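K.L.:
Following this message is one structure expressed as structure tokens.
Every number here is computed from the coordinates shown, using simple stated rules; none is lab data. The model shown is predicted, which means the values in this text are computed figures rather than measured ones. All Cβ positions, glycine included, derive from the backbone under ideal geometry; neighbour counts span all protein chains shown.
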Ligand code: ATP
Ligand code: MG
């Protein structure tokens with residue numbers, strides 16, 4: 001069966017890094033015979049310049065029909081004066097909504113080779129391998145809000161957090177499945193000592209946990225989790241949490257790895273799923289051919305794993321990236337004396353060589 005990938009390079013370094021990831025996917029296809037086909041679509045500032053909108057209807061339609069979407073990055077200073085509703089970043093939110101991307105996955109794996117870039121001591125951080133499962137289309141970000149209300153001369157604003165049992169069940173089941181392919185441990189993060197939504201969250205997680213006795217489930221308050229990530233990150237396997245806490249914790253976890261150029265992500269939906277690096281369009285280095293392509297290449301490994309269920313192909317990509325690093329190859333963002341300097345192209349070629 002044909003597996004159709006819609007590639008959305010976006011702006012800045014988006015084109016360079018998605019080109020690298022597509023090369024990797026093509027090589028994988030030669031070996032694993034998945035039957036991949038590719039189609040390119042516009043989004044972000046480049047789409048705004050060409051079509052007057054950061055997210056053209058064509059892009060949405062193509063994405064909806066795709067087996068998976070590979071996304072580069074959007075944004076850049078040249079679009080700073082564009083009216084807020086048409087800014088490049090709106091493309092990401094628009095796709096999330098159009099595709100119903102209900103979970104965001106951020107793996108954080110601290111490789112031995114790169115632990116020196118972590119703000120934590122190597123002996124604390126080495127071996128960390130965490131998957132953050134964040135609910136993406138509910139919670140306080142999507143509840144009723146009031147920007148400004150004046151009562152007795154005092155201005156206030158409010159946001160309403162709201163979660164339903166089915167929403168929590170769905171994300172919890174996803175976390176359980178993910179843990180089953182890893183180390184069978186799920187830590188659910190909430191603030192149930194204070195928030196009603198968190199109490200519903202914990203109750204629901206506990207119910208789903210009882211249906212999955214092979215998975216070790218524990219609960220942490222978000223403040224404690226933030227601390228534990230910095231003190232003993234190796235204790236975690238899968239972390240499942242709501243939209244707001246997940247946003248904050250996934251950025252905290254991302255710095256453990258020390259390098260933004262290495263961090264992949266996936267946003268899983270019912271119709272299709274979207275894979276992108278966590279970094280932005282890096283306008284400062286765009287067009288120079290020096291961007292680190294590994295975050296996007298690792299995102300393509302997630303695409304193979306979660307959308308195409310090609311686990312061995314996904315592992316082959318991850319192993320090739322490990323091998324390139326072990327051999328001492330570094331793009332300028334990670335380069336130090338004694339290593340082999342690689343630009344985007346060289347790093348991609350090295351990874352391709354190691355794919356088996
Ligand atoms: P956004 O608002 O889109 O997140 P940003 O400016 O906050 O954008 P990035 O675009 O991720 O963040 O860039 C932050 C810094 O990290 C920049 O100096 C950029 O050059 C660097 N950077 C980001 N991604 C890469 C990469 N793949 N390779 C090398 N450097 C990168
Ligand atoms: Mg940013």
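K.L.:
Show me, bin by bin at 5 Å from 0, the whole-percent P(r) of segment 1-155 based on Cα pairs.
P.N.:
In whole percents, the pair-distance histogram is 2, 8, 12, 13, 15, 16, 13, 10, 6, 3, 1, 1, 0, 0.
K.L.:
What's the center-to-center distance, using Cα atoms, between segment 102-164 and segment 165-197 in Å?
P.N.:
Their Cα centres are 14 Å away from one another.
K.L.:
Calculate the FRET efficiency for residue 144 and residue 97 from the Cβ-Cβ distance with a Förster distance of 22 Å, rounded to the nearest 0.05.
P.N.:
Using R0 = 22 Å, I get an efficiency of 0.80.
K.L.:
How many percent of the alpha carbon pairs in the chain exceed a separation of 27 Å?
P.N.:
The calculated P(r) of the chain puts 48 percent of pairs beyond 27 Å.
K.L.:
Another question about this same structure. Fewest to most neighbouring Cβ within 10 Å: what's the order for 79, 201, 158?
P.N.:
Fewest to most other Cβ atoms nearby, the residues stand as 158, 79, 201.
K.L.:
How would you rank 110, 255, going from fewest to most other Cβ atoms within 10 Å of each one's own Cβ?
P.N.:
255, 110
K.L.:
Sticking with this one: Mind checking which of 34, 150, 260 has the largest fluctuation in a GNM of the chain, springs on alpha carbons under 10 Å?
P.N.:
Result: 150 has the largest fluctuation of those listed.
K.L.:
Let me ask another. Step by step: find N for segment 119-257, compute 2.2 N^0.38 Å, then divide the Cα radius of gyration by it. What's the final number?
P.N.:
The reported ratio for this selection is 1.16.
K.L.:
Same structure again: Among 117, 275, 221, 48, which comes first, then next, by fewest other beta-carbon atoms within 10 Å?
P.N.:
221, 117, 48, 275
K.L.:
Shifting gears a bit: Anyone know which of 154, 69, 189 comes out most mobile in the 10 Å Cα GNM of the chain?
P.N.:
Answer for the Gaussian network model of the chain: 154.
K.L.:
Which of 331, 241, 77 moves most in a GNM of the chain, Cα contacts under 10 Å?
P.N.:
Answer for the Gaussian network model of the chain: 77.
K.L.:
Over segment 179-285, what is the percentage of antiparallel beta bridges among all DSSP beta bridges, to the nearest 5?
P.N.:
The antiparallel proportion sits near 30 percent.
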